[in-house]
Structure formats: structure tokens, C-alpha cells
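What follows is a set of notes on a single structure, which appears directly below.
Computed from the coordinates by the stated procedures, all read-outs in this text should not be read as laboratory data. Just so we're clear, the structure is a prediction, and the values are computed from it rather than from any experiment. Methodologically, a virtual Cβ is constructed for each residue, glycine included, from the backbone with ideal geometry; neighbour enumeration extends over all protein chains shown.
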Amino acid sequence: PETNIGCVALTRDGGVSWRAPTGRQVSGFRACVACGVYRGGPLLIAVGRNGSDYSLDGGESWHPLSTPRYHAIEFAPKRKPDTESSLATSPRVTDSTTVAWSVGPEGTIAHWSIASSRDQNEAGKPLR
């Protein structure tokens, strides 16, 4: 679908019942949603063929994040204090950084770093 109407449904009872979000919808069809942690709460990032959106309120409202196309996204596990390397290891990554990886068309791979301490993502856009 090219529209954002009905692209998100929320459940709080394991899928017995579903409802539409109360806030702003995603910007279009999203192929994948991943859940991470940002500032102690849930961070949802949804990716699709016409961009990406994020939610900080459990999916009730969504905000545009980027326009590149991606097929899938997954958050990397946090580094453990006693581990020297992990998928999240990068010179810019600290223990307060949320890291994710996306894949898109023609072999596109994206690294997402969302730093809680600076309140902004790698591209410099603040997360509200």
C-alpha cells in the first residue's frame, strides 16, 4: 500500500484484540518494526520502501526519521561490561548508545546510532 491508513495496529493483550494508534501515523507502508530501548523506555523504528519512522510511546504516535528505503531493521545487543566486543562496538558507541542495523535494496546496509546522552541520532536529528 502507498497510504499510511491502517498500517499500524496495537495490542496490549497478546493479539486477542487490536486497535489503531491515537496519534500521528507512520509516513507510509512499513515492512519491518524493531523495538529497542532509548532513555529507559521503548524505542520503535519502522522501516519501509519510502522511509523510516520512530515512536517513543509504544506506537501511539510516529515521527519521520529518514527517507532511504530499507527492508528490515534489528537492534544490536547492548555490550556487556565484561565483553570487549559485540555487534554494537564502534568508536562512536558508548554504553548509553542504542545501535541498530538495517538492510535495503541492492545490498544497502545502514548502521543506526542513537545516543541517549546527546539526545540526538547520528544524523543530528533530535529524538523528541
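Here is how the numbers come out for the structure above:
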{"quantity": "Backbone HN-Hα couplings from phi across region 54-64 [Karplus 6.51/-1.76/1.60, Hz, Gly and Pro as x]", "calculated": "10, 9, 10, 10, x, x, 5, 9, 10, 10, x"}
{"quantity": "Cβ-Cβ FRET estimate between residue 109 and residue 24, R0 fixed at 30 Å, reported to 0.05", "calculated": "0.55"}
{"quantity": "Cα-centred dipole magnitude for region 7-66, charges only on beta-carbon of K, R (+1) and D, E (-1), debye, nearest 20", "calculated": "80"}
{"quantity": "Full-stretch length increase - residue 12, residue 35 - with 0.36 nm per residue and alpha-carbon distance subtracted", "calculated": "6.8 nm"}
